[in-house]
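Following: one structure in structure tokens, then a few remarks.
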Amino acid sequence: MITNIPFGEKYAGLSIFEPSEGTLVVVPSLSLPQDELRRITAARSYEERLLFLLLTLREPGVKVVYLSSAPIDPDIIDYYFAFLPDPDDAAKRLTLITIDDPWSQPLTRSLLDRPDVIEQLRSEIDGDACLVPFVLSELEEELASLLNVPLYGPATAFAYYGSKSGAREMGHEAGVPMARGFGDLRTTLEIEEAIEALPGDRVIVKLNDAYSGLGNAIVTKTDRSLTSFAMAGESWDTFSTKIRDRGAVVEEYIEHRPLYHPSALACITPGGEARVLATHDQVLGGANGHVYQGCTFPAAPEYRAEVGASAERIARVLAERGVVGVFGMDFFALKADAGYAALLCEINLRIGGTTHPFGSAVLTTGAAYDPATGLLMAGDQPKYYTATDNCASSCLRGRTPGEVMRTADRLGIGFDAERRTGNVFHLLGAIPEHGKLGFTSIGDSREEADELHALTRRLLCGP
């Protein structure tokens with residue numbers, strides 16, 4: 001299903017990080033492969049990643065309607081309002097709507113089965129509005145059509161470009177370097193032929209539509225028993241079934257060390273303007289070291305420019321195809337004879353793990369991205385940040401978000417509005433049950449951001 005509801009001309013330059021008016025209907029539905037989603041601790045709380053958009057309520061012409069599977073703790077809303085100059089006025093322009101069914105996933109599917117909630121949503125949309133999804137599937141397109149509002153996100157017609165195979169096609173078209181490999185593979189024979197055609201003793205097989213590295217497998221040609229799957233409990237039988245259903249790529253495994261994992265965040269406006277918003281170095285973990293844990297901004301200076309330039313070329317190609325919205329691109333970076341090389345790894349054609357740290361940083365500091373240097377500048381002062389989604393401790397379990405935020409303020413690790421440095425917390429709804437939260441540590445230097453981040457981990461999550 002393709003929605004053709006257009007944006008008005010005055011919204012041709014719309015960015016969700018700096019709207020000046022209108023209603024943002026935020027639908028943070030995790031419309032992703034549910035088998036992988038279940039492996040993420042406190043997955044439902046990831047709907048709260050987009051709560052940074054409440055900070056756009058500092059603009060008096062902006063209204064936000066925020067959907068959720070379960071009620072959001074009022075202390076969490078108050079926490080975000082505390083960043084705003086007039087919390088009382090902002091509260092009048094925020095509507096929270098919950099279907100109050102946390103175990104029915106994804107959110108949008110459950111929402112479409114609730115005509116009463118759809119009607120409530122319609123009643124909250126007065127004037128210009130757009131739907132902002134976490135990830136865009138046919139479910140979100142159906143919802144946008146029912147509400148008669150445009151979508152700020154890549155339509156499902158472009159979903160292929162966000163697959164691993166589609167990313168290789170985009171990379172070739174944009175003239176961006178990539179690891180050697182083969183895409184659009186589905187049969188065992190195609191996989192085996194690709195594995196044998198690539199050099200080296202190890203290759204990597206990646207499911208087309210997996211995320212956070214959970215659909216990867218590292219294969220040793222000479223001993224298949226050494227195959228390492230990113231997802232716990234995976235086997236060749238289960239993995240082969242997913243390959244048949246979803247397709248895959250096979251690429252050379254880059255043995256070069258040290259190997260870095262930068263990414264780029266970009267957006268394309270409804271008017272077709274493509275721009276890079278930020279570059280990051282990703283912090284990875286998990287069984288294969290491919291699972292996203294957090295990030296640092298900006299990417300290291302040795303390869304920052306290469307990553308930004310490649311990301312811009314890809315974004316321009318996607319803009320020509322008609323893509324709209326925020327999306328990410330992952331790269332490998334390695335030392336070459338003539339400097340550092342950046343190789344495209346994948347395109348995440350959706351809001352991703354670096355979006356909320358970036359949004360938190362720009363909306364609390366007022367900084368703007370300088371493409372010439374790759375830095376966020378608040379006046380003459382560059383801003384740096386370090387972010388995580390995975391601060392967890394048994395000592396946090398059972399506590400409330402309000403208690404933990406008051407503890408952070410008492411320990412002096414909150415946010416300093418005057419200096420525009422400090423922590424911006426997220427995933428606060430995961431604290432009571434899972435003892436887990438995330439935060440973005442903002443500093444005036446790389447060292448200050450890293451030191452604050454380490455201190456916050458130590459104070460809240462233990463050694």
For Ala159: the one exception among (1) in a helix (DSSP H, G or I); (2) of a type in the set (Gly, Ala, Ser); (3) modelled with pLDDT under 95; (4) over 23 Å from the mean Cα position of the chain (by Cα): (4)
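Give the residues of region 90-107 that are under 21 Å from Val62 (Cα atoms) and out of contact with any helix residue (DSSP H, G or I) (no Cβ under 8 Å at 6 or more places or on another chain), sorted by residue number. Full working, then the answer.
Just the residues of region 90-107 that are under 21 Å from Val62 (Cα atoms), to begin with: 90-98.
Answer for region 90-107, where residues must be under 21 Å from Val62 (Cα atoms) and out of contact with any helix residue (DSSP H, G or I) (no Cβ under 8 Å at 6 or more places or on another chain): Lys92, Thr98.
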Test set (1) in contact with a strand residue (DSSP E or B) (Cβ under 7 Å, 6 or more places away or on another chain); (2) more than 15 Å from Phe134 (Cβ to Cβ) - Gly328 fails condition number: (2)
Selection count where residues are on the phi > 0 side of the Ramachandran plot and either part of a helix (DSSP H, G or I) or open to solvent by 20 Å² or more (accessible area, probe 1.4 Å) (or both), scope region 385-437: 3
Residues of region 237-258 satisfying the condition of being open to solvent by less than 30 Å² (accessible area, probe 1.4 Å) and closer than 30 Å to Gly339 by Cα: Val249, Val250, Glu251, Ile254
Residue match in region 444-456 (condition: more than 23 Å from Thr279 (Cβ to Cβ) and either touching a helix residue (DSSP H, G or I) at 6+ places or on another chain (Cβ under 7 Å) or not aliphatic (A, V, I, L, M) (or both)): yes
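Scan region 148-163 for residues that are more than 20 Å from Ala12 (Cα to Cα) and either buried (at least 18 other Cβ atoms within 10 Å of the Cβ) or touching a residue at least 12 places away in the same chain (Cβ under 8 Å) (or both) and jot them down.
Residues of region 148-163 more than 20 Å from Ala12 (Cα to Cα): 156-157, 159-163.
Those that are more than 20 Å from Ala12 (Cα to Cα) and either buried (at least 18 other Cβ atoms within 10 Å of the Cβ) or touching a residue at least 12 places away in the same chain (Cβ under 8 Å) (or both): Thr156, Ala157, Ala159, Tyr161, Gly162, Ser163.
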Unmet requirement for Glu312, which otherwise passes all of (1) of a type outside the set (A, V, I, L, M, F, W, C); (2) on the phi < 0 side of the Ramachandran plot; (3) in contact (Cβ under 8 Å) with a residue 60 or more places away in the chain: (3)
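Would you pick out the residues in region 361-384 that are free of Cβ contacts under 8 Å to residues at least 12 places away in the same chain, closer than 21 Å to Glu448 by Cβ and in a loop (DSSP other than H, G, I, E, B)? Please lay out each step first, then the result.
At the first step, the residues of region 361-384 found to be free of Cβ contacts under 8 Å to residues at least 12 places away in the same chain are 368, 370, 372-373, 377, 379-380.
Among the residues that remain, those that are also closer than 21 Å to Glu448 by Cβ are: 368, 370, 373, 377, 379-380.
Within region 361-384, Thr373, Gly379, Asp380 qualify.
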Those residues of region 92-147 which are assigned to a loop (DSSP other than H, G, I, E, B), open to solvent by 20 Å² or more (accessible area, probe 1.4 Å) and within 23 Å of Gly359 (Cβ to Cβ), in sequence order: Arg93, Ile125, Asp128, Leu136, Ser137
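Say whether the condition of being part of a helix (DSSP H, G or I), open to solvent by less than 20 Å² (accessible area, probe 1.4 Å), of a type in the set (Gly, Ala, Ser) and closer than 12 Å to Glu346 by Cα is met by at least one residue in region 189-209.
Quick first cut of region 189-209, residues part of a helix (DSSP H, G or I) only: 189-197.
Next, only the ones that are open to solvent by less than 20 Å² (accessible area, probe 1.4 Å) stay: 191, 194-195.
Add one more test, that the residue is of a type in the set (Gly, Ala, Ser), and what stays is 194.
Checking which are closer than 12 Å to Glu346 by Cα leaves us with none.
So far as region 189-209 goes, no, none of its residues is part of a helix (DSSP H, G or I), open to solvent by less than 20 Å² (accessible area, probe 1.4 Å), of a type in the set (Gly, Ala, Ser) and closer than 12 Å to Glu346 by Cα.
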Any pair with Cβ under 8 angstrom, 6 or more apart, that starts in region 8-23 at a residue that is of a type in the set (S, T, N, Q) and ends at one that is open to solvent by 30 Å² or more (accessible area, probe 1.4 Å) and in a loop (DSSP other than H, G, I, E, B): Ser20/Glu59; Ser20/Gly61; Thr23/Ile125; Thr23/Asp126; Thr23/Gly127; Thr23/Asp128
Top-ranked residue in region 12-29 [being surrounded by 22 or more Cβ atoms within 10 Å (Cβ to Cβ) and part of a loop (DSSP other than H, G, I, E, B); ranked as nearest to the chain's Cα centre (by Cα)]: Pro28
Complete set of residues in region 350-366 that are open to solvent by 10 Å² or more (accessible area, probe 1.4 Å) and farther than 19 Å from Gln293 by Cα: Val362, Leu363, Thr364, Gly366
Selected residue (criterion: most open to solvent (accessible area, probe 1.4 Å)) from residues of region 298-321 that are closer than 24 Å to Tyr11 by Cβ and either modelled with pLDDT under 95 or among the basic types (Lys, Arg) (or both): Arg316
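Take region 218-231 and flag every residue that is over 22 Å from the mean Cα position of the chain (by Cα) and either in a strand (DSSP E or B) or within 22 Å of Gly352 (Cβ to Cβ) (or both).
Step one: filter region 218-231 for residues over 22 Å from the mean Cα position of the chain (by Cα), giving 218-229.
Listed by number, the residues that qualify are Ile218, Val219, Thr220, Ser228, Phe229.
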Conditions (1) closer than 22 Å to Ala155 by Cα; (2) assigned to a strand (DSSP E or B); number of the one not met by Arg313: (2)
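The values are calculated or read from the model by the stated rules, or taken from the named source; none is laboratory data. These numbers come from a predicted model, not from an experiment. Glycine also receives a Cβ, built like all others from the backbone with ideal geometry; neighbour counts cover every protein chain displayed. Remember, those area values only see protein heavy atoms, side chains included, never the ligands or the DNA or RNA. Shrake-Rupley method; radii C 1.70, N 1.55, O 1.52, S 1.80 Å.
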